[in-house]
Amino acid sequence: MQRVLAVYLAVDTSVSMAMSGRLEAIEGAIIEFAGELLSSPLLGEQVRVAIVGFSSRAELVLPLTDLTAQQALPRLSAHGVTHYGPLFSLLSKVITRDVRVLRTRDTIMLRPFVFLVTDSLPVDSGWEETFQEFRDATRAQVVIIGIGLDSDSATQLHRLHPAGMYLLDGDRPEVLGEEIFRIVDQYAESLVTSVIVSARSEEHNLRLPPPNPPLGETDIF
């Protein structure tokens with residue numbers, strides 16, 4: 001049975017993110033990551049990527065897909081302000097649906113990763129309850145990529161219980177894309193490698209706990 005690592009890129013598309021070419025830099029990072037998947041059979045076979053844009057509303061820009069089979073990638077357009085409630089509500093539905101679809105194809109989804117790329121704190125109220133529902137439904141791990149955030153904002157984002165947090169300079173779009181690509185690529189490569197090591201250990205009857213366990217029925221329902 002095939003195992004896949006699902007990566008959900010949640011990109012803040014609020015108006016402030018359009019400043020200084022930030023969205024263009026993120027699009028460049030996605031293109032570079034797609035190229036890395038093409039050049040690495042190990043990653044390309046197991047990594048699936050979805051893109052969610054969010055501001056005052058959230059939308060699925062690219063459904064979970066094999067990027068190596070994509071001939072073109074969607075563009076990101078800016079509008080509105082940063083709201084987290086719509087984002088986590090949509091992610092709950094999308095990830096739950098993706099798990100079900102993959103199971104019909106005899107494919108196991110490993111615990112998904114959400115890379116949250118944002119330059120500000122949310123302005124909507126009540127989002128923390130929606131976030132908790134998202135965590136309970138998906139068990140997804142969140143990695144925050146903060147652009148131009150100060151230390152106080154970064155501290156407040158710890159309410160998302162991130163598996164990792166990276167603070168990048170928002171005034172240097174010429175290197176921003178490269179830094180985002182490097183973060184996502186390193187996570188993907190290390191997780192896929194650890195899954196392979198775990199699988200080989202199972203073949204040799206070594207009872208080692210998997211580093212990124214797959215989702216099970218009780219994790220979703």
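The values are calculated or read from the model by the stated rules, or taken from the named source; none is laboratory data. Since we're looking at a predicted model, the values are computed, not measured. All Cβ positions, glycine included, derive from the backbone under ideal geometry; neighbour counts span all protein chains shown.
Report yes if THR65 is closer than 21 Å to LEU5 by Cβ, touching a residue at least 12 places away in the same chain (Cβ under 8 Å) and exposed (fewer than 15 other Cβ atoms within 10 Å of the Cβ), otherwise no. Yes.
Which one is surrounded by the most Cβ atoms within 10 Å (Cβ to Cβ), of the residues in the stretch 80-135 that are part of a loop (DSSP other than H, G, I, E, B) and among the β-branched types (Val, Ile, Thr)?
To start, the set of residues in the stretch 80-135 that are part of a loop (DSSP other than H, G, I, E, B) comprises 80-84, 105-106, 111-112, 119-126.
In the following step, the residues that additionally are among the β-branched types (Val, Ile, Thr) were identified as 81-82, 123.
Working: VAL81: 14, THR82: 21, VAL123: 13.
The extreme case among them is THR82.
For the stretch 106-121, the set of residues classified as over 18 Å from ARG135 (Cα atoms) and not aliphatic (A, V, I, L, M) consists of ASP106, THR107, THR118, ASP119, SER120, listed by residue number.
Only one residue in LEU90, LEU110 is within 17 Å of ILE51 (Cβ to Cβ) and touching a Leu at 6+ places or on another chain (Cβ under 8 Å), so which one is that?
Details: LEU110 fails: within 17 Å of ILE51 (Cβ to Cβ).
Matching residue, one of LEU90, LEU110: LEU90.
Filtering the stretch 55-71 for residues that are within 14 Å of the chain's Cα centre (by Cα) and closer than 23 Å to ASP152 by Cβ leaves an empty set. ARG159: in contact with a helix residue (DSSP H, G or I) (Cβ under 9 Å, 6 or more places away or on another chain), more than 18 Å from THR13 (Cβ to Cβ), in contact (Cβ under 8 Å) with a residue 60 or more places away in the chain and surrounded by fewer than 17 Cβ atoms within 10 Å (Cβ to Cβ), yes or no? Judged against the criteria, ARG159 is not a match. Just to be sure, is LEU102 out of contact with any Leu (no Cβ under 6 Å at 6 or more places or on another chain), closer than 17 Å to LEU23 by Cα, in contact (Cβ under 8 Å) with a residue 40 or more places away in the chain and among the aliphatic types (A, V, I, L, M)? Criteria not met by LEU102.
Note on the stretch 162-182: among residues that are assigned to a loop (DSSP other than H, G, I, E, B) and out of contact with any strand residue (DSSP E or B) (no Cβ under 9 Å at 6 or more places or on another chain), the one that is surrounded by the fewest Cβ atoms within 10 Å (Cβ to Cβ) is ASP171.
The test for being on the phi < 0 side of the Ramachandran plot, among the hydroxyl-bearing types (Ser, Thr, Tyr) and touching a residue at least 24 places away in the same chain (Cβ under 8 Å) holds for THR138. Go through the residues of the stretch 38-46 one by one and say whether even a single one is touching a Leu at 6+ places or on another chain (Cβ under 9 Å), part of a strand (DSSP E or B) and of a type in the set (A, V, I, L, M). There is no residue in the stretch 38-46 that is touching a Leu at 6+ places or on another chain (Cβ under 9 Å), part of a strand (DSSP E or B) and of a type in the set (A, V, I, L, M).
Within the stretch 194-205, is even one residue under 17 Å from the mean Cα position of the chain (by Cα) and either at pLDDT below 95 or in a helix (DSSP H, G or I) (or both)? It would help to see each step written out before you state the result.
Filtering the stretch 194-205 down to residues under 17 Å from the mean Cα position of the chain (by Cα) leaves none.
No, every residue in the stretch 194-205 fails to be under 17 Å from the mean Cα position of the chain (by Cα) and either at pLDDT below 95 or in a helix (DSSP H, G or I) (or both).
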